[in-house]
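**Student:** If you scroll down you'll find the structure; I have some questions about it.
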Amino acid sequence: MTKALDWENLGFSYMKLPYRYLAYYKDGQWQKGELTEDATLHISECSTSLHYGQQAFEGLKAYRTKDGSIQLFRPDQNAKRLQRTAERLMMAPVPEDMFIDACKQVVQANQDYVPPYGSGGTLYIRPLLLGIGDIIGVKPADEYIFTVFAMPVGNYFKGGLQPTNFLIQDDYDRAAPHGTGAAKVGGNYAGSFVPGQLAKERGFSDVIYLDPATHTKIEEVGSANFFGITADNEFITPLSPSILPSITKYSLLYLAEHRLGMKAIEGDIFLDDLDKFVEAGACGTAAVISPIGGVQHGDDLHVFYSETEVGPVTRRLYDELTGIQFGDVEAPDGWIVKVDEQ
Ligand code: PLP
Ligand code: COI
């Protein structure tokens, strides 16, 4: 039985659900993971994840469809990205089938918390990989924890499909040119707290970072990728080795081209070129598609479509993407993975 929660007004907050998945890596192999009701991790004070940031995470969602079933959106892509992140940080990679099985088990065990179809809510799934053990030298751990937990969520940015404004930052970078920007590691986010807070104090939803090498190109939002729409029916999103390769972004590139008949481009977005965009947005698992009303850079506020109304192309992309995620629109092959209910 679905729980009686205020599904329409969830926001993006932690909620302790009954079950999470936990697996240990020891002696060169993953041990069999299992569900547990214990929401507290017990790890050594000398864990590499705590001292040297040898940790990684993922984010994906489970969606309730009209017929009441539950499905995941492209979990194989999250599994692959976690493997790339693990490689970058010399962590034990989690096999793809173990990753997907763990997500399914957690969703299934907490199925009463998957928001009802039509409420706008989803179950956000947070896989987490941690280096543990007793290592004080600066080197990778021999032991790891892989855990997956979940919580029902609503909008990440306050506006949802209402446009909000973002702040372009010259004074802070999110990542270094050859650093860990493309890996989903906690350190990237800790470094974004100060600029993020400064932006929020000034009424902006989040920061838009510039490319760390030249500060002339748009890189990405602190918690999502950036895209722009031109008057020539182009969908353009930055190509950079220091941004997170967003699964939502790659999905939108495909949908823009194959469903909306647009020209889909990954390339440079120079600050000087902002005038060519008639619409812009932030995209990600948590952000979904959040329209960007305007961007503030120094004293200039650059408005794209409108500060109060969502543009027509952004809306069509949103309808296509969320239609697929909630099972109302036919998905490209392999994008949807069903979760069996008990
Ligand atoms: N960029 C950053 C920095 C993020 O944290 C996220 C969220 O995962 C994204 C982009 C969007 O990625 P995805 O669409 O895979 O969720
Ligand atoms: C996501 O969209 O899954 C993210 O990880 C973004 C943010 C909540 C960190």
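**Student:** Quick check: anything in the range 103-119 more than 16 Å from residue 2 (Cα to Cα), in contact (Cβ under 8 Å) with a residue 40 or more places away in the chain and crowded, with 21+ Cβ neighbours inside 10 Å?
**Tutor:** Yes.
**Student:** Here's another thing I want to ask about it. Any residue at all in the range 82-98 that is over 21 Å from the mean Cα position of the chain (by Cα) and touching a residue at least 60 places away in the same chain (Cβ under 8 Å)?
**Tutor:** The first filter runs over the range 82-98 and keeps only residues over 21 Å from the mean Cα position of the chain (by Cα), leaving 90, 92.
From what's left, touching a residue at least 60 places away in the same chain (Cβ under 8 Å): 92.
Yes; the residues of the range 82-98 include at least one that is over 21 Å from the mean Cα position of the chain (by Cα) and touching a residue at least 60 places away in the same chain (Cβ under 8 Å).
Residues are listed down the side, and each one gets a yes or a no for (1) at negative phi; (2) of a type in the set (A, V, I, L, M); (3) touching a Ser or Thr at 6+ places or on another chain (Cβ under 7 Å):
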position: 248; (1), (2), (3): yes, no, yes
position: 251; (1), (2), (3): yes, no, no
position: 263; (1), (2), (3): yes, no, no
position: 275; (1), (2), (3): yes, no, no
position: 285; (1), (2), (3): yes, no, yes
position: 307; (1), (2), (3): yes, no, no
position: 321; (1), (2), (3): yes, yes, yes
position: 337; (1), (2), (3): yes, yes, no
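**Student:** Filter the range 55-69 down to residues that are crowded, with 22+ Cβ neighbours inside 10 Å and farther than 15 Å from residue 324 by Cβ and give me whichever is farthest from ligand 1 (Cβ to nearest atom).
**Tutor:** 55
**Student:** Ok, one more. List the strands (runs of 3 or more DSSP E) that sit entirely inside the range 181-266 and contain at least 3 residues that are within 16 Å of ligand 2 (Cβ to nearest atom). Don't jump to the end; show me each part of the working.
**Tutor:** Numbers: elements: 207-210, 218-221, 225-230, 234-238.
Qualifying strands (runs of 3 or more DSSP E): 207-210, 218-221, 225-230.
**Student:** Out of the residues in the range 244-279 meeting the condition of being within 14 Å of residue 219 (Cβ to Cβ) and among the small types (Gly, Ala, Ser), tell me which one is farthest from ligand 1 (Cβ to nearest atom).
**Tutor:** Among residues in the range 244-279 that are within 14 Å of residue 219 (Cβ to Cβ) and among the small types (Gly, Ala, Ser), the one farthest from ligand 1 (Cβ to nearest atom) is 267.
**Student:** Another one. Step by step: first the residues of the range 171-201, then only those that are in contact (Cβ under 8 Å) with a residue 60 or more places away in the chain and of a type in the set (D, E, K, R), then the one that is farthest from residue 110 (Cα to Cα). Which residue is that?
**Tutor:** Looking at residues that are in contact (Cβ under 8 Å) with a residue 60 or more places away in the chain and of a type in the set (D, E, K, R), I get 174.
**Student:** Can you tell me which residue among 183, 176 is at pLDDT 95 or above, touching a helix residue (DSSP H, G or I) at 6+ places or on another chain (Cβ under 6 Å), farther than 29 Å from residue 316 by Cβ and not assigned by TED's automatic domain parsing to the domain that holds residue 74?
**Tutor:** Values: 176 fails: touching a helix residue (DSSP H, G or I) at 6+ places or on another chain (Cβ under 6 Å).
When all the criteria are applied, what remains is 183.
**Student:** Ok, one more. What number of residues within the range 270-302 are assigned to a strand (DSSP E or B), surrounded by 14 or more Cβ atoms within 10 Å (Cβ to Cβ) and among the aliphatic types (A, V, I, L, M)?
**Tutor:** 7
Per-residue answers, yes or no, for (1) under 28 Å from residue 244 (Cα atoms); (2) among the aliphatic types (A, V, I, L, M):
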site	(1), (2)
13	yes, no
24	yes, no
35	no, yes
73	yes, no
104	yes, no
113	no, no
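**Student:** Can you say whether residue 134 is charged (D, E, K, R), assigned by TED's automatic domain parsing to the domain that holds residue 46 and in contact (Cβ under 8 Å) with a residue 60 or more places away in the chain, as far as the supplied structure shows? Don't jump to the end; show me each part of the working.
**Tutor:** Values: charged (D, E, K, R): yes; assigned by TED's automatic domain parsing to the domain that holds residue 46: yes; in contact (Cβ under 8 Å) with a residue 60 or more places away in the chain: yes.
Here the answer is yes, as residue 134 does meet what is asked.
**Student:** Taking the range 279-326 on its own, how many of its residues are farther than 30 Å from residue 337 by Cα and polar (S, T, N, Q)?
**Tutor:** Of the residues in that region, 3 qualify.
**Student:** A further question follows. Test of understanding: among 185, 107, 148, 153, which residue is hydrophobic (A, V, I, L, M, F, W, C) and more than 16 Å from ligand 1 (Cβ to nearest atom)? Please lay out each step first, then the result.
**Tutor:** On the way: 185 fails: more than 16 Å from ligand 1 (Cβ to nearest atom); 148 fails: more than 16 Å from ligand 1 (Cβ to nearest atom); 153 fails: more than 16 Å from ligand 1 (Cβ to nearest atom).
Of 185, 107, 148, 153, the one residue that is hydrophobic (A, V, I, L, M, F, W, C) and more than 16 Å from ligand 1 (Cβ to nearest atom) is 107.
**Student:** Of the residues that sit in the range 186-219 and are of a type in the set (D, E, K, R) and within 13 Å of residue 268 (Cβ to Cβ), which one is surrounded by the fewest Cβ atoms within 10 Å (Cβ to Cβ)? Step through it out loud before you land on a result.
**Tutor:** Step one: filter the range 186-219 for residues of a type in the set (D, E, K, R), giving 200-202, 206, 211, 217, 219.
Keeping just the survivors that are within 13 Å of residue 268 (Cβ to Cβ) gives 211, 217, 219.
Working: 211: 24, 217: 18, 219: 24.
So the residue we want is 217.
**Student:** Of all the residues that make up the range 141-185, how many are of a type in the set (Lys, Arg) and crowded, with 21+ Cβ neighbours inside 10 Å?
**Tutor:** Just the residues of the range 141-185 that are of a type in the set (Lys, Arg), to begin with: 158, 174, 184.
Okay, now just the ones that are also crowded, with 21+ Cβ neighbours inside 10 Å, so 174, 184.
Going through the range 141-185 one residue at a time, the tally reaches 2.
**Student:** Criterion first (within 14 Å of ligand 1 (Cβ to nearest atom), touching a Cys at 6+ places or on another chain (Cβ under 8 Å), touching a residue at least 60 places away in the same chain (Cβ under 8 Å) and within 30 Å of residue 131 (Cα to Cα)) does residue 286 satisfy it? If you could, list the steps in order and put the result at the bottom.
**Tutor:** Working: within 14 Å of ligand 1 (Cβ to nearest atom): yes; touching a Cys at 6+ places or on another chain (Cβ under 8 Å): no; touching a residue at least 60 places away in the same chain (Cβ under 8 Å): yes; within 30 Å of residue 131 (Cα to Cα): yes.
Judged against the criteria, residue 286 is not a match.
**Student:** What number of residues within the range 223-243 are within 10 Å of ligand 1 (Cβ to nearest atom) and more than 16 Å from the chain's Cα centre (by Cα)? Lay out the reasoning, then the answer.
**Tutor:** Narrowing the range 223-243 to residues within 10 Å of ligand 1 (Cβ to nearest atom): 223-226, 243.
Those left that are additionally more than 16 Å from the chain's Cα centre (by Cα): none.
Adding up the residues that qualify gives 0.
The values are calculated or read from the model by the stated rules, or taken from the named source; none is laboratory data. What you see is a predicted model, and the numbers here were worked out from it, not measured in a lab. All Cβ positions, glycine included, derive from the backbone under ideal geometry; neighbour counts span all protein chains shown.
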